[in-house]
Each structure stands twice: as C-alpha cells, then as structure tokens.
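Just so it is clear, none of the values below were taken in a lab; they were calculated from the coordinates. Please read these numbers as outputs of a predicted model, since none were measured by experiment. Every residue, glycine among them, receives a Cβ derived from its backbone with ideal geometry; neighbour counts consider all protein chains shown.
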Amino acid sequence: MAGAFWCIVEDDRQGMPKKVMAEVIGEATRLGAGPVEAVWLTDKASDAGLKQLAGLGATKIWLLEDAAYAPYRGEVWTGAVAELAVKESPKGILGPVTSRQREFLPRLAARLDVGLAADCVALALDGGTLVATRPVYAGKLLARVSWTKGPWVATLRPNVFRPADAQDGRTPTVERPALAAPAAQMKLVERREEASTGLPELAEAEIVVSGGRGMKGPENYTILEDMARVIGAAVGASRAAVDAGWRPHRHQIGQTGRTISPKLYMGFGVSGAIQHLAGMRTSKVIVAVNKDPEAPIFKIADYGIVADLFEVVPQLTTELKKLMEK
C-alpha cells in the first residue's frame, strides 16, 4: 500500500521470523506514520510464521516465496523488492541490523536512489519527516539524520527498541505479488552447514559474555560457554581473537563484526580497542575483567575487576549456578 512502512523480515531459515522482528514492527507501529506491512522473502514460509507477523502488528504481509530467495543473494533480493517498491510506493523500509540486512538494505537504497540510515538507535517524526538517530565515530557521538526523498530506508539496532506486544489470534492478510525472481549473478555458497551451540544468537541475546586476546587460545573459550549456559547468554569475541582463528567471524563483536546492545555485557580478557567498543558500548550494563588496570574497556565499564580471568570465571560460574538454583 502506498504510504506504508515496510518491515523486511529476518527469519531463522526454518520458516519463522526471528524475535528481532518484534522490535522492528513495534517501532514502525509506534511511529504511526502509516500502515505497517511485512515483506518476507523466503523459500518456505510457515503458517505459524505468518500468524506471528500478524500478531506483532503487520496489517499485510507481502510474501515473496520462491526457491530463488534462499539461500540469500543480495542481487536477487534487491531486484525483487525494488520492483515491488516502485509499484507500491512505501513511505519507509525498515530492517534489523543483521549480517544479511546490512548488505541488502544498502543495495536496495542504492537501487531506489534514496538515502540509508544504518544502525539506528532511535526514530522519530519531525513535521512529517522521519529523523533517525545513529552512532558515529565508533559510537562516540550520536547524529540525527533525515532524508530528502523517500522511501526512508533504515536498519535498527537489536535490543534497543521496545518490542511490539503480541496479539494472538489475528488473521494474517497475505499478498503474493506476481514478481519474476531475478536470476542470481553469482554463486558463492557451494553448501551450507548449520551448527547449533545451544546458546542464544549473539545479536539478539539479552546477556553476552565475550572473550578477547586474554583468553590465550581457542580451547579456553569452554569456560565462557559453561558460564553462558548457566545464565542463558551468547558468547562473543573480540577481533583479535577472531583474527587469531580462535572463534568464527560470526562471533566477532565490533565495527567490522556484530553490533550488540544486550542488557548485560561481560568482557573477559578484552582490552577495549575502539573497534570493539563501537560494537557494544550501547550495552545497558558493562562488566569488564582484565589483568591490565589501564585497559581502555574500564573507562566505559559499569563494573570492573582487575584480576586473572581464569580465576574469576570459574568462581563467578559457581556463584551464578547457586543464584539460578534458588
């Protein structure tokens, strides 16, 4: 519908939207600038997923369901959504900050010849124009930006915006537009292997424990994983640890990795280089453990312990177990 806010669905590749969609749809609804609609590109949407989107507040779901949309390819998604946007003239197009959307929405904005506000931490209407607040200079400052023409395209940082209140029982209105999925121009993935750690996803987790160079080796991350299982946390890593091959890149927190805003961030052996701080300094509470009292992370930490992490982590895990068992 012309004048609508589109929310690009991020799914779990199993036919269900990720929980971050509650934040994106909730913020679009609170703006009150037009109807809120979901745009879902997938090869296998589920009825439960469609009902979930409707329950979160999507008044219509544009379902682009085709084998060509999975696995994700930026050039395929961009062509399809750009064609639909030209036909339907949405007022805004929003998506969460994820690896997939970080590539797709800039491509889409370029195709539509409009601006993009990335990694937003606040949205507001000012005289009928959307104004986005986003960190700049590695999170040292906040900039307020707006668009000279629409549609307004923006990515929203997870765990910052208040989720929509789910309303069970709402019947989804599903529109299946007749679009020819563009052919993929590149083939980058020969096969995909999914590996489950049993821990929450990094970008959406409310608690994150992270290890840096002070972990001394990949084998030592088991102590962080043990703690994470006790408190339901995700495990992240600094760029130094990832560059050393200790953890996969999907666990990297920072300017060239994941941007997170958990309720609690706990950094162990993380020095706090500016690149890392850019990805986690908006965490609600920051705890740092490092042997170096001059480590930069202590400057932004709410709580700090100058000690050997290999002594602190096991003791902390034991105490956390006691608390969780009460």
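Miscellaneous remarks
- Of interest is the spacing of the C-alpha centroids, which for the stretch 256-326 and the stretch 121-183 amounts to 30 Å.
- With the biggest extent put first, the Cα atoms of the stretch 68-154 measure 40, 29, 16 Å across the principal axes.
- With all projection directions averaged, the alpha carbon convex hull of the chain covers 17.6 nm².
- Label-point separation in nm, Thr171 to His249, each point 7 Å along Cα→Cβ: 4.7
- Nearest-ten-degree value, helix 99-112 long axis tilted from longest Cα axis of the chain: 40
- The chain, helix-only ellipticity at 222 nm - DSSP H runs n ≥ 4, -39,500 (n - 2.57), divided by all residues, nearest 500: -8500 deg cm²/dmol
- Within-13-Å neighbourhood charge of Glu206 [Cβ basis; K, R +1; D, E -1]: 0
- Multiplying the residue separation of Arg100 and Val306 by 0.36 nm and subtracting their alpha-carbon distance yields 70.4 nm.
- When only alpha carbons of the stretch 202-325 are considered, Rg and Dmax amount to 12.8, 38 Å.
- Between the Cα long axis of helix 309-325 and the first principal axis of the chain there is an angle of about 70°, rounded to the nearest 10.
- Axis of helix 74-88 versus longest Cα principal axis of the chain: the two differ by about 40°, to the nearest ten degrees.
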